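Visitor: Below you'll find the structure I mean.
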């Protein structure tokens with residue numbers, strides 16, 4: 001399954017994506033954003049990739065690879081997740097990671113537009129939501145630029161070595 005955007009496409013995870021997934025999941029600079037507290041083994045990540053063959057209705061999550069054609073070659077630029085899928089209330093959380101070399105090139109915005117179209121047209125969702133640290137201006141700007149609006153703030157929600165910081169909640173009604 002490929003879901004086409006303007007400059008990227010979203011596709012299902014494949015076993016050959018293990019290196020990219022391993023690098024993202026074990027990048028300690030991303031841990032605070034993803035809530036990760038320990039490294040992932042290749043074995044655990046391969047099991048995760050294998051589980052992605054199941055329907056989102058069974059697993060309540062779906063990770064898609066963000067791929068683009070660069071100089072005629074398919075290149076992985078990131079990943080986008082739907083998680084906490086709630087078919088009763090027609091909503092899901094969305095998370096995104098863009099590899100450092102491909103940030104600020106429009107891939108994140110295009111991937112968000114593309115996953116929104118998929119969520120609306122295929123999954124028939126009513127809304128998408130996300131959360132991020134209040135200091136994460138890049139994510140806030142990305143989601144705001146894609147039409148998400150702030151709908152809440154959790155005060156001192158995220159503990160860091162520098163102290164507690166707020167978490168921003170954002171959502172987008174997609175009907």
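FYI, it's all coordinate maths here, none of it is from the lab. Worth saying up front: this structure is predicted, and the values here are computed from it rather than measured. Here Cβ is always computed from backbone atoms with ideal geometry, including for glycine, and neighbour counts include all displayed protein chains.
Visitor: In deg cm²/dmol and to the nearest 500, what is the mean residue ellipticity at 222 nm of the chain if only DSSP H runs of at least 4 residues count, each as -39500 (n - 2.57), divided by the residue total?
Guide: On the way: 6 runs with 53 residues, N = 175.
The helix contribution divided over the chain gives -8500 deg cm²/dmol.
Visitor: Can you tell me the FRET efficiency between residue 150 and residue 57 if r is taken as the Cβ-Cβ distance and R0 is 25 Å, rounded to the nearest 0.05?
Guide: Taking R0 as 25 Å, the efficiency between residue 150 and residue 57 is 0.25.
Visitor: Also: Can you give me the distance in nm between label points at residue 69 and residue 89, each placed 7 Å from the Cα along the Cα-to-Cβ direction?
Guide: According to this spin-label approximation, the distance is 4.1 nm.
Visitor: With both bridge residues required to lie in the chain, what share of the DSSP beta bridges run antiparallel, to the nearest 5%?
Guide: If we restrict to bridges inside the chain, about 95 percent are antiparallel.
Visitor: Here's a follow-up. Sorting check: for 103-112, 156-165, which peptide has the highest mean count of neighbouring beta carbons within 10 Å, and how do the rest follow?
Guide: 103-112, 156-165
Visitor: Now for a separate question. Which of the following values of mean projected area of the Cα convex hull in nm² was calculated from the structure shown: (1) 10.2; (2) 17.9; (3) 11.7?
Guide: Looking at mean projected area of the Cα convex hull in nm² for this model, the match is (1).
Visitor: Hey, another quick one. Extending each Cα 7 Å along its Cβ direction at residue 50 and residue 175, get the distance between those two points in nm, one decimal.
Guide: 4.1
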